[in-house]
Amino acid sequence: MKRVVALIPVVSAAACQCDRYRCRTEDAEYVYALEEMPSQEMIECMQANRAYTPRGDCKYCSSCDGNVCECQGSMACDTLLPTAAAVVCIVLGLMLCLLGVRSTCSWYKRHYRVKPYDECEVRTWERKASVAIGLPCCGAVLFIGVGILVWMSPSILDQAGGFALGG
């Protein structure tokens, strides 16, 4: 128990303090402290970026490099909603895959196996293979693709030049 309590100050000391902040534009980079009087260019930089408050500190969250913090947009800070959306899309895609497999099996049985007459009840949407098999499979590919895109979107946006929605 004493070891855990002794480690808490070490962990908190290793965390970033945000003594200074960095605001970047296409033309310039400004590093400032909250106690300093900002120049007009710094104020314009903070107003152009939604991740900063009017005071100059971060509205959402920040990335830290040597006690110099750079504010990140709301989409970079929020990971729960994109993850939940990606999981829902992938689950819906997998359910549509199962529907496509089920429709393929019933279509195969209906066309290539001899069945008693009383077991040949076919729903109207199951009569066309393009509707019974094609639509669920296309929907599955679409949902799984969107799910993967949403899951990967923060890393894709970071690689594309640091653009983050909402900031």
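The values are calculated or read from the model by the stated rules, or taken from the named source; none is laboratory data. Values in this document were obtained by computation on a predicted structure and should not be read as measured data. For neighbour counting, all protein chains shown are included, and Cβ atoms are generated from backbone atoms with ideal geometry for every residue, glycine included.
Whenever a residue of segment 115-144 is in the same structural domain as residue 89 (by TED's automatic domain parsing) and small (Gly, Ala, Ser), its partners that are outside any loop (DSSP other than H, G, I, E, B) and at pLDDT 85 or above, lying with C-beta atoms within less than 6 angstrom and at least six residues away or across chains, give the pairs 132/103; 139/96; 140/93; 140/96; 140/97. Of the candidates 97, 89, the single residue that is more than 30 Å from residue 61 (Cα to Cα) and in a helix (DSSP H, G or I) is 97. Checking each residue in segment 23-56 for being more than 26 Å from the chain's Cα centre (by Cα), surrounded by 11 or more Cβ atoms within 10 Å (Cβ to Cβ) and in a helix (DSSP H, G or I) picks out 41, 42, 43, 44, 45.
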